[in-house]
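Below is one structure, written out as structure tokens; comments come after it.
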Amino acid sequence: MVSHLFQAPRLLAGGMLLMLITAGHASGQDVQVSNARLSLLPGEQPGAGYFQLHNTGDETAVLVGAQTEAFEDVEIHMSSEENGMAHMHAMEQVEIEAGERFEFAPKGHHLMFIGRLKTFSEGDDVEVMLEFDDAQQLSVTFDVVSPVSL
């Protein structure tokens, strides 16, 4: 009976430590995804992923990457225009504040799908795993669409 008295404080301390470690970040489970579309150009050209994120949690969620078995690599990119010239660059992460929505859309943020490993047709589905800085992952199904539909 005496040994049970010492287990409760250790369990409580372990739980509190876990809470401290995870404090300050919304998990992938607090993020909802809608309207996930993968625009594919003909041939071997990269594809672009567009979708909306909604952080329903109480803390900032930080998207740090994505992966799929359908492509060699997936990167977070940002398109912009300066002095009439289009630019695109990779980004390390995207922060979605608590309660906020963030849109990945043409001429803005998007996922760049590089190195197609499978053949796709319009209407196919591609499973993608979104990765967050707290090691949480969120599985999302992207619908393959024509670029002209965007």
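The simple spin-label model puts a point 7 Å past each Cα toward its Cβ; for Q67 and V148 those points are separated by 3.7 nm. What residue among N35, T119, S80 has its Cα farthest toward the positive end of the dipole of the stretch 26-149, where the charges are +1 on Lys, Arg and -1 on Asp, Glu, each on the Cβ? Highest projection toward the positive end goes to T119.
Subtracting the Cα-Cα distance of A105 and E122 from 0.36 nm times their residue separation leaves 4.3 nm of extension gain. What the Cβ-Cβ distance of A98 and L41 gives, at R0 = 30 Å and to the nearest 0.05, is a FRET efficiency of 0.25. Ranked by the mean number of other Cβ atoms within 10 Å per residue, highest first, peptides 126-135, 90-99 order as 126-135, 90-99.
Residue exposure proxy: H89, H54, H109, ordered by other Cβ atoms within 10 angstrom of their Cβ from fewest to most, comes out as H89, H54, H109. By definition, a body whose alpha carbon gyration tensor gives a ≥ b ≥ c is oblate when a/c is 1.5 or more and a/b is not larger than b/c, and the stretch 26-149 fits this oblate description.
Bear in mind that the values in this text are calculations on the coordinates, not laboratory data. Nothing here was measured: the structure is a model prediction, and the numbers come from that model. All Cβ positions, even for glycine, are placed from backbone atoms using ideal geometry, and neighbour counts span all protein chains on display.
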